[in-house]
Amino acid sequence: MTELNYVHYITFFIIFLLFLFGVYKSLQQKKTSLKTSMLFSVTLITLFLFILSVIVVDKYTKKVQLSKLKNKRLLSVEKIVYTGIVQNTGNFTIGKVTIEIKLVNRGHATGNVKGENFFQSTGLFKFLNEGMGIDKDKPQTITKEFVIAEKLGAGKAKQFRVYFDYPPYFRNVSDFVSVKAH
C-alpha cells in the first residue's frame, strides 16, 4: 500500500465531487435503462480516475535517489552484496522503497550471444518452451527485488545492504539497478 499525502486527498475530493455530479445528472434521466447505464459508466470512470490519480500523484511527489552504490562479490559463499544510501529527495514521506537489481551475463565476452540474455519468456511462451525442452538450466539473466527502506521521511537518508546468490557460471556481467518509491 502506498503512503498517502494531502495531494492524494485533494485529488480524491475532486474526483468524488465529479462522481456526485455524474450521479446527480444520471438520476435526472427519465428512462431507467439510461439511468442505470449512466450510473455504471460514472462509477467505472470514477474508479479508473481514483487508480490513475494514485499512480500520477505518487510519481510526482515521491522521489528517491541512490548514492554510493557499490557491489562486492563474496567468492567464498558465492554471493554478491550491494550497499549504498537511499535518500528521499521529495517533500513527502515514502511508505516503501524497493530496489531492483538485474544481472545479465554478457554473451559477447564468452561468444554466446542469444536473445534470452536480455529477454526472459513468461506465460504461454515459457510453458511451451519448457515442454519442448528449450528452456536452459542456466539462466543468463537474474532479477531480484528488495525492500530497502520503509517510512522514509522527507529529506531523510538510509543505508542499505542486500545480498543474494551469484551464479558461478557468470563471466562478464552487466548490472542494471533501479529504485522505486511507493
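The values are calculated or read from the model by the stated rules, or taken from the named source; none is laboratory data. Since we're looking at a predicted model, the values are computed, not measured. Positions of Cβ are backbone-derived with ideal geometry, glycine not excepted, and every protein chain shown enters the neighbour counts. Ligands, DNA and RNA are excluded from the accessible area calculation, which covers all protein heavy atoms including side chains. Shrake-Rupley method; radii C 1.70, N 1.55, O 1.52, S 1.80 Å.
Would you please give the FRET efficiency between residue 7 and residue 159, computed as 1/(1 + (r/R0)^6) with r the Cβ-Cβ distance and R0 = 35 Å, to the nearest 0.05?
Result of the calculation: an efficiency of 0.75.
Restrict the search to region 1-106; then list the GluC sites (Glu not before Pro) that DSSP places in a loop and that have at most 15 other Cβ atoms within 10 Å of their Cβ.
78
With every protein chain present, what is the per residue accessible area of region 1-54 (1.4 Å probe, Å²)?
75
Loop only per DSSP, at most 16 neighbouring Cβ atoms within 10 Å: give me the trypsin sites (Lys or Arg not before Pro) in region 1-59, ordered by residue number.
Here the trypsin sites (Lys or Arg not before Pro) that fit, given the DSSP loop and packing criteria, are 30, 31.
Could you pull out every residue, at least 5 positions away or on a different chain, whose amide H is within less than 5 Å of the one on residue 173? Hs are placed 1.01 Å off N in the peptide plane, and Pro or chain starts have none.
The list, which skips near neighbours in sequence, is 106.
Using the basic label-point model (7 angstrom from Cα toward the beta carbon), what is the residue 63 to residue 25 distance in nanometres?
3.6
Per the Debye formula with a single identical scatterer at each Cα and no solvent contribution, what log10 I(q)/I(0) holds for region 9-70 at q = 0.14, 0.18, 0.21, 0.23 Å⁻¹?
Debye output, listed in q order: -0.52, -0.70, -0.82, -0.90.
Could you tell me the calculated FRET efficiency between residue 16 and residue 146, based on Cβ-Cβ distance and R0 = 41 angstrom, to the nearest 0.05?
0.65
Could you state the principal axis extents of the C-alpha atoms in region 140-180, from the largest down, to the nearest angstrom?
Principal-axis extents of region 140-180 (Cα, largest first): 41, 15, 13 Å.
What length, rounded to one decimal in nm, is gained on full extension from residue 76 through to residue 102, with 0.36 nm per residue of separation minus their alpha-carbon distance?
Length gained, residue 76 through residue 102: 7.2 nm.
Can you order the peptides 168-179, 81-92 by their average number of other Cβ atoms within 10 Å per residue, highest first?
81-92, 168-179
So which lysines can residue 158 reach, going by Cα to Cα under 17 Å and dropping same-chain residues fewer than 8 places off?
Here the lysines satisfying the reach criterion relative to residue 158 are 62, 63, 68, 70, 96, 180.
Quick one: if you stick a label point 7 Å off each Cα along the C-beta vector at residue 55 and residue 178, how many nm between them?
Here the answer is 1.4 nm between the modelled labels.
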